[in-house]
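Participant: The structure is given below, and queries will be raised subsequently.
The values are calculated or read from the model by the stated rules, or taken from the named source; none is laboratory data. Worth saying up front: this structure is predicted, and the values here are computed from it rather than measured. Backbone-built Cβ (ideal geometry, glycine too); neighbour counts: all protein chains shown. Accessible surface is based on the protein model in full, side chains and every heavy atom, while ligands, DNA and RNA are left aside. Shrake-Rupley method; radii C 1.70, N 1.55, O 1.52, S 1.80 Å.
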Amino acid sequence: MSEARNTGALKGLRVVEMGQLLAGPFCGQLLGDMGAEIIKLEPPGRGDPMRDWGLGEEKVQWEVIARNKKSVTCNLRVPEGQELARKLIATADIVIENFKPGTLERWGLAPDDLLKESPGLIIARMSGYGQDGPYSDRAGFGGIGEAMGGWRYIVGEPDRPPARMGISIGDTLCASYGCMGVLAALHHRDKTGEGQVIDTALYEAVLQVMEGLVAEYDFGGVIRERSGSILPGIAPSNVYTCKDGPFMIGANNDAIFKRLATAMGRPDLAENPDYATHVGRGKKQIELDAIINEWTAQHTIEEVDALMIEHSIPAGRVYTAKDMLEDPHFQAREAIVEVDTDGHGPLKMQNTSPRFSKTPSGIRRPAPATPGLHNAEVYGEVLGWDAETLAAKSEAGII
């Protein structure tokens, strides 16, 4: 697949992506989708472990997270490889890394030194606990950040141990905040010429989305507990059972609940003092959910969906990937696109987000099928290596 035209807002910026698995690479995916050139450093041999991640007999998750990237191999565990990384970084605007804190420093790639050589460099560092503090030298994965940040404790049924989401939300949140930091740092650099270091901790990224969890405890001693499929006191807002499957209804606003009661043929519910107000419905949440579920159980998803649309009630089907591919709204907005990948042929995946009216993001190139696929292109064009030099570096185990 030849590279499509780059119309992204970050066109002209070069990113050196170091690290592996999810947080660093997802940050690179976001920046690449927005037009940045991503040069991904992979260890010689098998490359990034993400190549083997995902469900199914053949793993395709790599095709999503490595799109819009060029892969070069670089052995960061030997001095020659570290020096090679330094040379690439000297040509870059942004560096992404998600190694254990102290790793860059041990490799002679300390941010302070890199900034002396390239004062405008932006260095995004992602780790479990951050670059300092008493836990900084501990190993940390996304799940640990979710646990420490408060997410895991409140997810699941009240009578069971904490559960998890079916995706690595801690990693992707950390990457998203890292990307946000890069964009803010670029704005600062535009005004001052100064680069800087962005320190994003997994647990702090999770903490950012925990709403009033800390403040509620500090002010009133309230500790949020697991509440299954509901938010305590927010009613009705739940997944209800229809004849042919689950259906989500969110009618926790007074006016919307009145419309729901009408749609159900139960206008008396909205007139009942127990249910007429937000606070009242919150107190009777379990009872009210049972009433609604008894009603939805008598209808199909299509029937309930039509009523919700007719009465302007926020509601919707609970989608699987199959549902997404068949849905006309996904199709109309091209929320899912087909990419002609090198590793697995035409493959459908999520499109870029958000949308830009002037500088649209896009998937310009597929994920590199093999580690080091772009060694000749990158090392030749960026560092001026010829075929003989490439062969010698490969033979020496540097790339």
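Participant: When the Karplus curve 6.51 cos²θ - 1.76 cosθ + 1.60 is applied with θ = phi - 60°, which whole-Hz ³J(HN,Hα) does each residue of the stretch 61-76 get, with x for Gly and Pro?
Facilitator: Working through the residues one at a time gives 4, 4, 4, 8, 6, 9, 5, 6, 10, 9, 9, 10, 8, 7, 7, 6 Hz.
Participant: Please list 3J(HN,Hα) in residue order for the stretch 363-371, calculated via the Karplus relation 6.51 cos²θ - 1.76 cosθ + 1.60 where θ = phi - 60°; whole Hz, with x for glycine and proline.
Facilitator: 9, 8, 8, x, 4, x, 5, 9, x
Participant: Among DSSP bridges having both ends in the chain, what percentage is antiparallel? Round to the nearest 5.
Facilitator: For the chain, the DSSP antiparallel bridge percentage is about 40.
Participant: Let me ask something else about it. In the Gaussian network model of the chain, springs joining C-alpha atoms below 10 Å, which of 322, 100, 11 carries the largest mean-square fluctuation?
Facilitator: The residue with the greatest mean-square fluctuation here is 322.
Participant: Work out from phi, with θ = phi - 60° and the Karplus expression 6.51 cos²θ - 1.76 cosθ + 1.60, the ³J(HN,Hα) of each residue of the stretch 43-52, listed in order in whole Hz, and give x for Gly and Pro.
Facilitator: Once θ is set to phi - 60°, the couplings for the stretch 43-52 become x, x, x, 7, x, 5, x, 4, 4, 10 Hz.
Participant: Ignoring everything except DSSP H segments at least 4 long, calculate the 222 nm mean residue ellipticity for the chain; use -39,500 (n - 2.57) per segment, divide by total residues, nearest 500.
Facilitator: After summing the helix terms and dividing by the residues of the chain, the value is -11000 deg cm²/dmol.
Participant: Can you give the longest stretch of the chain with no exposed loop site, where a site means GluC sites (Glu not before Pro) in a DSSP loop (not H, G, I, E or B) with at most 16 other C-beta atoms within 10 Å?
Facilitator: 59-193
Participant: Report the calculated FRET efficiency for residue 57 and residue 357 (r = Cβ-Cβ distance, R0 = 56 Å), to the nearest 0.05.
Facilitator: 0.85
Participant: Compute the distance in nm between two label points, each set 7 Å from the Cα along the Cα-to-Cβ direction, one at residue 335 and one at residue 290.
Facilitator: Going from the residue 335 label point to the residue 290 one covers 3.5 nm.
Participant: Quick check on my link table: of 11/191; 191/358; 243/283, which ones sit more than 25 Å apart, alpha carbon to alpha carbon?
Facilitator: The answer is 243/283.
Participant: Between helix 301-310 and the chain, what is the angle of the helix's C-alpha long axis to the longest principal axis, kept within 0 to 90° and rounded to the nearest 10?
Facilitator: Once rounded, one gets 80 degrees.
Participant: Given a 1.4 Å probe, how much area per residue of the chain is accessible, in Å²?
Facilitator: On a per-residue basis, 51 Å².
Participant: Would you mind giving the average projected area, over all directions, of the Cα convex hull of the chain in nm² with one decimal?
Facilitator: Projected area, direction-averaged: 23.6 nm².
Participant: Percent of accessible area on the stretch 183-321 owned by carbon and sulfur, 1.4 Å probe?
Facilitator: 55 percent
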